[in-house]
């Protein structure tokens, strides 16, 4: 299956407005609603540009503080201005990131953990498996939206790769999640369509990770909830 990612909301708005006005630019007259949408879009684009400029001007220490604020607020890496800026820099102190990970040994430490993995895999590998597993499983269990993990069968984000790398250390917490059938929604056009088709739940993500940790590289998530429940029952009994 071809990989896809969430299309930024600003781009979708831009396409929508262009589509409404692009057929006859010489005579096109925007409706009040289109003018309002155009104004909002322009304001959002300007705000995004200003945010990028503001974060680019920060030093690493200030950015790390912002990173922790955004990690505690459950921002995804792609929705964290601090993460996006820091991952472009070559002078980020790995020991500072590792210290943040150790000081925030639960879901709050997700962004610094993923950033450390992105920037310095050797230092990341020195973080104990148990600590990495605790941060990742806490983050999974506390997710409101699941875009940070990707979509089973379609693509995995960095957090999912990190979960699988944590290996057996993540297994006990993942097994506990096998009984949690709460919905695991995602946002984004294509992603949401897949979510509606599969009706993903937290237990499905747990099953997916347990299969991958168990070296079942070819595992594919069944579309049928009944079929997934049968696999979950088997996994829970192991």
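Any read-out appearing in this document is the output of simple, stated calculations on the displayed coordinates, not a laboratory observation. Just so you know, these numbers come straight off a predicted model, no measurement behind them. Note that we place each Cβ from the backbone using ideal geometry, even for glycine, and neighbour counts take in every protein chain shown.
Points to keep in mind about this one:
- In summary, residue 194 fulfils each of the numbered conditions (1) within 29 Å of residue 79 (Cα to Cα); (2) in contact with a helix residue (DSSP H, G or I) (Cβ under 9 Å, 6 or more places away or on another chain) with the single exception of condition (2).
- Set 167, 105, 142: member being under 23 Å from residue 187 (Cα atoms), touching a residue at least 12 places away in the same chain (Cβ under 8 Å) and either over 16 Å from the mean Cα position of the chain (by Cα) or loosely packed, with under 15 Cβ neighbours inside 10 Å (or both): 142
- Among the candidates 74, 53, residue that is within 21 Å of residue 149 (Cβ to Cβ) and out of contact with any strand residue (DSSP E or B) (no Cβ under 9 Å at 6 or more places or on another chain): 74
- Long-range neighbours under 9 Å by Cβ, at least six apart or interchain, first residue on the phi > 0 side of the Ramachandran plot within the stretch 64-80, second surrounded by 18 or more Cβ atoms within 10 Å (Cβ to Cβ) and assigned to a loop (DSSP other than H, G, I, E, B): 74/143; 74/148
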